[in-house]
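Accompanying notes for the structure given below.
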C-alpha cells in the first residue's frame, strides 16, 4: 500500500492528537497508475472542449459567466452548510432585503474572491498562483461578520481538526501549524513544475486534495480549495473562461467526495480520487453544456417574440439584452443601466411584461421589482 504521509504528535486544547503530514506531490512509491486516468482524462478534456465550443451559441460570453460563476459560488458555499439560494443572491444584487443576510454575504464574498483571483492571474503584473495569492483570496472570502474572527488571510497558528466534538475524537487532524508554510511551499513548487509528467486535470485533482489535507486556514479551506480548481483550469489552458461549476458534482456526491479525500490519507488511494475527480469534471462540463443550449434556446425564443412586437422600442431591446446580467431588477436600475429617463425605462419594462418575458414580483404600485422568471427558473434547476 502506498504511504501518502506521516503522523506526528500535536497538542491542542490540552489533548495530544496524531496529526497527518502529507508527502509532497506527485504520488510516489508507487507512482500514480496511468491506466486509471488515461481514458477518463481524455473524456474530461473533450467535455471541456465541447463546452468551450458550445459557448458560441450565446451572443455574449458575459451572460454565461454571470450565471456560471454565481452557481459555483452558491454551490461551493452550500457544501459548507450555507443555506442561501440563487434567488437570494439575485435579490441581494437587485437591492432587495434578504432574510439570511450572513449566508448571502458568504456567497458574495466567494464571488469577490474568485473575481479577484481570476483578474490577478490574468494580469501580467499580478501575482502568480502562490501562497500569497491564496492568502489574499482567503482574506476576501472571510471578510464580514462570520469570518472576522477566523484570521482572514492568515495561515493558522493553532492546531485545527475536522469532524468530532473535540480534537481527541476528530475524523481528521491536519498538520501542525509549524509545518504548514513548508507544506504550502512544496505545493507551490508542484504547481509551477516546468516539466510536469501528469496531465493538467490530474494535477488539478492532486492539488485540491493536497490543499484540503494541509488545511492551512482556520476556516474557508474547502471553498479556497475548490476555487483553486476553477483558477487552475483557466491557468493551465483547459478553459479560457470559468464556464464549468464542479462544485455541483461535489455537492451531489458529497459523502463520496469526503470519503475519497479521506482514502488518500488513510489508504494511499490516489487512484480512486483521480477517477472520481475526472468523472466529476466530465459530468460538470456536460451539465454546463446542456445549460448553455437551454439558455440559448430560451433567449432566442424570447428575442423573437420581442422583435415581433409592433410597438417595440430601442429601450426595450436594450433592456432585453441586459436581462441575463440582472434577472431581478427595479425600474430605477433600468434607468441607471440604460442611461435613460424613468418614463422611457418604465415603458420598456411594460413592453417585456406584456409579452410575459418579465414578471412583476411585489404586487405593489410603488417600489416594484421584476424578474426574468423563466431564466431564473432555468438557472435554479
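What to note about this one:
- For 270, 63, order by how many other beta-carbon atoms lie within 10 Å, fewest first: 63, 270
- Expressed as a whole percent, the proportion of Cα-Cα pairs in the stretch 61-169 lying more than 22 Å apart is 42%.
- Nearest 10 degrees, 0 to 90: helix 342-354 Cα axis against the chain principal axis: 80
- Against the chain, whose longest principal axis comes from its Cα atoms, helix 270-307 is set at around 10 degrees.
- Under Stokes-Einstein, with the Kirkwood radius over Cα pairs as Rh, the value for the stretch 309-380 at 10 °C and 1.306 mPa s is 131 µm²/s.
- Ratio Rg/Rh [Cα only; Rh per Kirkwood] for the stretch 1-115: 1.14
- Between the beta carbons of residue 97 and residue 146, assuming R0 = 22 Å, the FRET efficiency works out to 0.70 to the nearest 0.05.
- Residue among 84, 73, 263 with the largest mean-square fluctuation in a Gaussian network model of the chain, springs linking Cα atoms under 10 Å: 263
- Sites residue 342 and residue 123 - FRET efficiency at Förster radius 56 Å, r taken between beta-carbons, to 0.05: 0.90
- Across the stretch 5-291, Cα-Cα pairs farther apart than 36 Å form 13% of the total.
- All Cα pairs of the stretch 259-303, percent lying beyond 18 Å: 52
- Based on DSSP H segments of at least four residues, each scored -39500 (n - 2.57), the chain has a per-residue ellipticity at 222 nm of -18500 deg cm²/dmol.
- Candidates 367, 100, 41, ranked by Gaussian network fluctuation over the chain, Cα under 10 Å, top entry: 367
- Exposure proxy for 274, 131: other Cβ atoms within 10 Å of each Cβ, ordered fewest to most, give 131, 274.
- Just checking the listed ones, 242, 22, 199: in the Gaussian network model of the chain with Cα springs under 10 Å, the one fluctuating most is 199.
- Ordered by the count of other Cβ atoms within 10 Å of each Cβ, fewest first, 331, 292 give 331, 292.
Values in this text are rule-based calculations from the coordinates and carry no lab data. Keep in mind the model is a prediction, meaning the values are calculated, not measured. Glycine also receives a Cβ, built like all others from the backbone with ideal geometry; neighbour counts cover every protein chain displayed.
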